[in-house]
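**Q** I'd like to ask some things about the structure below.
The values are calculated or read from the model by the stated rules, or taken from the named source; none is laboratory data. Predicted model only: the values in this text are computed from it and were never measured. Using ideal geometry, Cβ is built from the backbone for each residue, glycine included, and neighbour counts are taken over all protein chains shown. Please note that ligands, DNA and RNA were not included when accessible areas were found on the heavy atoms of the full protein model with its side chains. Shrake-Rupley method; radii C 1.70, N 1.55, O 1.52, S 1.80 Å.
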Amino acid sequence: MLGRCLAVIVAVLFAATPAFAARCGGDFNSFVQNISAEAGSAGISQGVISQALGGVQQDMGVLAFDRRQRGTFNKTFEQYVSTRVGAGRINGGRAMLQRHAALLSSIEQKFGVPRQILVAIWGLETDFGKGDMGKLPVFRVLATMAHDCRRTELFQTELLSALKILQRGDLRLNDMIGAYAGEIGQTQFLPSSYIKYGVDFDGDGRVDLRHSVPDVLASTANLLHTSGFKLGAPYGEGSANFEAMREWNRATIYRKTIAYFADQLVGR
């Protein structure tokens, strides 16, 4: 999951549209005040802003981790896949295919994404929701990264999206916990993707990508479907579906791992 941070950031960087105009750098508390005003102008309630950003602190550990992420994918495919797709994870994925067969069939029919691709992504990101979804407060991470001037527009956009998630009631503040780039949930959505692709598939009125397996898998399928993924077509390297997965992750080695894992799940 941590190895995906850089690729996710790069992917979103190409698509991000500036949502804020707060000046980066300088005094952190002044930056938070300015970005809070921008959030209010964007329609976020003062109650939500205060709840999320009141007393937020800069996290130097997040910046240090971000700077170490260069060259994450410097292994060969064979080296990388051997650390990510073993017998235990394959068996776990096959168990998920059986346990959630009816749900996956429904999602497959609606979004046109094969179940083995969804389960492969789910397994690689958080071991089917049982592994590490991140332990960092999302608003602390995003405020820290937005204050840093290297990609401030990207992370100001992500911060606004995270505030929207809280305001919509999809997650409570104590559930806004994620990874080192602010990724949330069982398939590690950045907040902007959460807003753009999130689906309330269990019909409870919320898009809950931390606790609801139907929402997690349907939202992942919606992202791929919206990006042009077609059911029944090849998804290996060089295919149109392989390119459609660039919205999930721009790193070729990661997408090859998804395809390899998916094939292993169905005995190919």
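**Q** Set the Förster radius R0 to 25 Å, insert the Cβ-Cβ distance between R172 and N91 as r into 1/(1 + (r/R0)^6), and round the FRET efficiency to 0.05.
**A** Details: r = 34 Å, r/R0 = 1.36.
E between R172 and N91, to the nearest 0.05, is 0.15.
**Q** At 1.4 Å probe size, with the rest of the protein present, what percent of the exposed accessible area of the range 173-221 is carbon and sulfur atoms?
**A** The computed percentage sits at 48.
**Q** Given Q51, T152, T76, which one lies farthest toward the positive end of the charge dipole of the range 48-183, if we put +1 on the Cβ of every Lys and Arg and -1 on the Cβ of every Asp and Glu?
**A** Among Q51, T152, T76, the one farthest towards the positive end of the dipole of the range 48-183 is T76.
**Q** Still on this structure, I have one more. Taking the Cα centre of the range 95-136 as origin, work out the dipole magnitude from +1 charges on Lys and Arg Cβ and -1 charges on Asp and Glu Cβ, in debye rounded to 20.
**A** Numbers: 5 positive and 4 negative charges, 24 e Å.
With only Lys, Arg, Asp and Glu charged at Cβ, the dipole is about 120 debye.
**Q** Quick check: convex hull over the Cα atoms of the range 169-238, volume per residue in Å³, rounded to an integer?
**A** On the way: hull volume 7.6 nm³, N = 70.
Hull volume normalised by residue count: 109 Å³.
**Q** Okay, moving on. Between G178 and residues 5 or more places away or on another chain, which pairs have amide H atoms under 5 Å apart, with H built 1.01 Å from N, and which residues are they?
**A** K135, L136, V138
**Q** If contacts are Cα pairs under 8 angstrom and at least 6 residues apart, what is the relative contact order of the chain in percent?
**A** 26
**Q** Tell me, what is the per residue accessible area of the chain in Å², probe radius 1.4 Å?
**A** Numbers: 11150 Å² over 268 residues.
Averaged over the residues of the chain, the accessible area is 42 Å².
**Q** Counting only Cα atoms, I'd like the Rg/Rh figure for the range 116-208, Kirkwood definition for Rh.
**A** Values: Rg = 13.2 Å, Rh = 13.5 Å.
Computed over Cα atoms, the ratio is 0.97.
**Q** GNM on the chain, C-alpha springs below 10 Å: top fluctuator among L190, L166, L118?
**A** Result for the chain, Cα springs under 10 Å: L166 fluctuates most.
**Q** Using the Cα atoms of the chain, I'd like the radius of gyration and the largest Cα-Cα distance, Dmax, both in angstrom.
**A** 18.3, 56
**Q** Note the full-extension length gain between Q51 and K230 as 0.36 nm times their separation in residues minus their Cα-Cα distance, in nm to one decimal.
**A** Numbers: separation 179, 0.36 × 179 = 64.44 nm, distance 4.14 nm.
Between Q51 and K230, full extension yields 60.3 nm more.
**Q** Amide H to amide H under 5 Å from F189: which residues, 5+ apart in sequence or cross-chain, H placed 1.01 Å off N in plane?
**A** Residues meeting the amide H criterion: I184.
**Q** Show me 171-181, 219-229 ranked by packing, highest mean number of other Cβ atoms within 10 Å first. Walk me through the numbers before you get to the answer.
**A** Values: 171-181: 19.7, 219-229: 21.5.
Peptide ranking by packing, descending: 219-229, 171-181.
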